[in-house]
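See structure below.
The values are calculated or read from the model by the stated rules, or taken from the named source; none is laboratory data. Predicted, not measured: the structure shown is a model, and the values here were computed from it. All Cβ positions, even for glycine, are placed from backbone atoms using ideal geometry, and neighbour counts span all protein chains on display.
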Amino acid sequence: MTVQTLIDILQRLELVYNDMLALAEDKRQAIMSNDVDAVVQLLNRESKGMKSIEQLERERVEAAYAFLQSRGVKSQLELTLTELARLVFDPEEKAGLLEVQSRLSRTLQELKVKNDLNQQLLVQSLDFIDFSLDMLTGKSSQDEATYHHPSDRGGSTGRPGLFDTRA
């Protein structure tokens with residue numbers, strides 16, 4: 001197995017991760033505009049992308065093992081791309097492998113940043129929804145923070161609902 005096969009797989013992996021990066025940006029926009037349907041569609045597309053990534057990762061591992069065996073290494077160690085590059089003696093192949101590794105690393109770092117931001121936006125959206133529901137149902141943190149004698153509640157045993165049925 002040649003190094004070029006491994007490089008080709010890594011380039012395909014990079015393309016899928018770039019697609020995931022674009023989806024992360026689209027998801028950020030959908031979250032900010034409160035478009036739940038768009039978020040659901042983007043999550044479905046992300047799921048398909050993750051399946052592609054899983055398949056390409058399996059191919060990458062197989063290609064790495066085949067490359068190691070072609071170099072006479074019988075170990076089943078999972079070497080990093082930098083460690084694999086040490087076993088490549090052709091300068092062009094080595095440069096190609098290290099270049100795709102660098103690009104892939106940058107893409108993954110950018111994807112991590114965008115996914116972290118999207119997660120924060122989702123948490124803030126959920127907090128806002130929770131706050132809005134508390135406001136609608138009449139739950140007040142001020143009422144919970146101070147002591148009230150049970151007889152002062154006027155016979156009500158729980159927090160008031162959305163509609164007060166007492167006349």
Six or more apart or on different chains, Cβ atoms under 9 Å: show the pairs whose first residue is in region 62-86 and at pLDDT below 85 and whose second is of a type in the set (D, E, K, R) and part of a loop (DSSP other than H, G, I, E, B). L79/R86
Scan S140, S102 and give me the residue that is modelled with pLDDT of 85 or more and of a type in the set (S, T, Y). S102
Give me the residue from region 60-74 that is crowded, with 17+ Cβ neighbours inside 10 Å and not aliphatic (A, V, I, L, M) and, out of that set, farthest from the chain's Cα centre (by Cα). F67
If I go through region 27-44 residue by residue, how many of them are in a helix (DSSP H, G or I) and surrounded by fewer than 16 Cβ atoms within 10 Å (Cβ to Cβ)? 9
Leading residue by the ranking (surrounded by the fewest Cβ atoms within 10 Å (Cβ to Cβ)) among those in region 75-95 that are over 28 Å from the mean Cα position of the chain (by Cα) and assigned to a helix (DSSP H, G or I): P91
